[in-house]
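A.B. asks: Pasting a structure here, questions to come.
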Amino acid sequence: MSDASSPAVLEYWCELQCPDCAAALDDLRALRAKYGDALVIQLRHFPLDKHKHAYAAAQAAEEAFEQGRGWEYTEAVLARVGELAARGEKLLVEIAAEVGLDAEEVDTALVDGRHLLVVDADQAEGRAIGVTGTPTYVIGGERLDGGTSQEGLRQRVEAIADRLLAG
């Protein structure tokens, strides 16, 4: 899944019903602003059992990426994690329409399970590399756990990215 044209890939292990992942968006925006296309940020799914709509949200996000608006959709869902807890899949479809996706197709994807394998594969890989909570970042072979504290994480990501981009 890495982008061969960039030496710096940041895997953002996320759960779309996680308030800490929502807070981490500010760091992701700052990293995008600083590095632009030199740093490839990949969304990786790690839905947690404690959030009953996170698994569906991950599938909906995969459909959003297929429709070309994955990050926009991801950010819109994370902005409403509290509402997602209360409203579930209905909200996921509403957000899809709000960001200009084919909402019926998002709804169909949730029903037919076409993105289950991607979400399951991410979750299995996350467990295999030691992801236990979200957000977690992986860059340059280093795993940085933001689930307990995000303090100083962006600076650590930047230091690793700078080293990778310097070659």
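Just so you know, all these numbers are worked out from the coordinates, no wet-lab data involved. Computed from a predicted structure; not experimentally measured. Cβ coordinates were reconstructed from backbone atoms using ideal geometry, including for glycine residues, and neighbour counts include every protein chain displayed.
A.B. asks: Which loop trypsin sites (Lys or Arg not before Pro) in the stretch 69-167, with loop taken from DSSP, have no more than 15 other Cβ atoms within 10 angstrom of their Cβ?
C.D. replies: Here the trypsin sites (Lys or Arg not before Pro) that fit, given the DSSP loop and packing criteria, are 114.
A.B. asks: Moving to a separate point now. Provide the packing ranking of 129-140, 39-50, i.e. peptides ordered by the mean count of other C-beta atoms within 10 Å per residue, highest first. Provide the component values of the computation, followed by the final result.
C.D. replies: Values: 129-140: 19.9, 39-50: 18.3.
Peptide ranking by packing, descending: 129-140, 39-50.
A.B. asks: Can you pull out the GluC sites (Glu not before Pro) in the stretch 71-167 that DSSP calls coil and that have at most 10 other Cβ atoms within 10 Å?
C.D. replies: The qualifying sites are 151.
A.B. asks: Still on this model: How much net charge surrounds residue 122 when only other residues with a Cβ under 13 Å from its Cβ are counted (Lys, Arg +1; Asp, Glu -1)?
C.D. replies: So the environment of residue 122 carries a net charge of -3.
A.B. asks: If you average the sequence gap of Cα pairs under 8 Å that are 6 or more apart and divide by the length of the chain, what percent do you get for the contact order?
C.D. replies: Rounded, it is 31 percent for the chain.
A.B. asks: Please determine, in degrees from 0 to 90 and to the nearest 10, the orientation of helix 19-35 with respect to the longest principal axis defined by the Cα atoms of the chain, where the helix direction is its Cα long axis.
C.D. replies: 50 degrees
A.B. asks: For the stretch 118-144 and the stretch 36-99, write down the distance between their C-alpha centroids in whole Å.
C.D. replies: 17 Å
A.B. asks: Separate question: Does anyone have the angle between helix 103-112 and the longest principal axis of the chain? Alpha-carbon axes, 0 to 90°, nearest 10?
C.D. replies: Computed tilt is about 90 degrees.
A.B. asks: Would you mind ranking 55, 73 so that the residue whose beta carbon has the fewest other beta carbons within 10 Å leads the list?
C.D. replies: 55, 73
A.B. asks: Next question, about the same structure. Could you work out how far apart the two model spin labels at residue 83 and residue 127 are, taking each label as a point 7 Å from the Cα in the direction of the beta carbon, and quote it in nm?
C.D. replies: 3.3 nm
A.B. asks: Given labels modelled 7 Å from the Cα in the Cβ direction, how far is it in nm from residue 65 to residue 32?
C.D. replies: Label-label distance for residue 65 and residue 32, simple model: 1.5 nm.
A.B. asks: Rounded to the nearest 500 deg cm²/dmol, what is the calculated helix-only ellipticity per residue at 222 nm for the chain, with -39500 (n - 2.57) per DSSP H run of length n ≥ 4?
C.D. replies: It lands at -17500 deg cm²/dmol.
A.B. asks: Using the Cα atoms as the points, what is the convex hull volume per residue of the chain in Å³?
C.D. replies: Measuring per residue, one finds 108 Å³ for the Cα hull of the chain.
A.B. asks: Output the 0 to 90 degree angle, nearest 10, between the alpha-carbon long axis of helix 116-129 and the longest principal axis computed from the alpha carbons of the chain.
C.D. replies: Helix 116-129 and the main axis of the chain meet at about 30 degrees.
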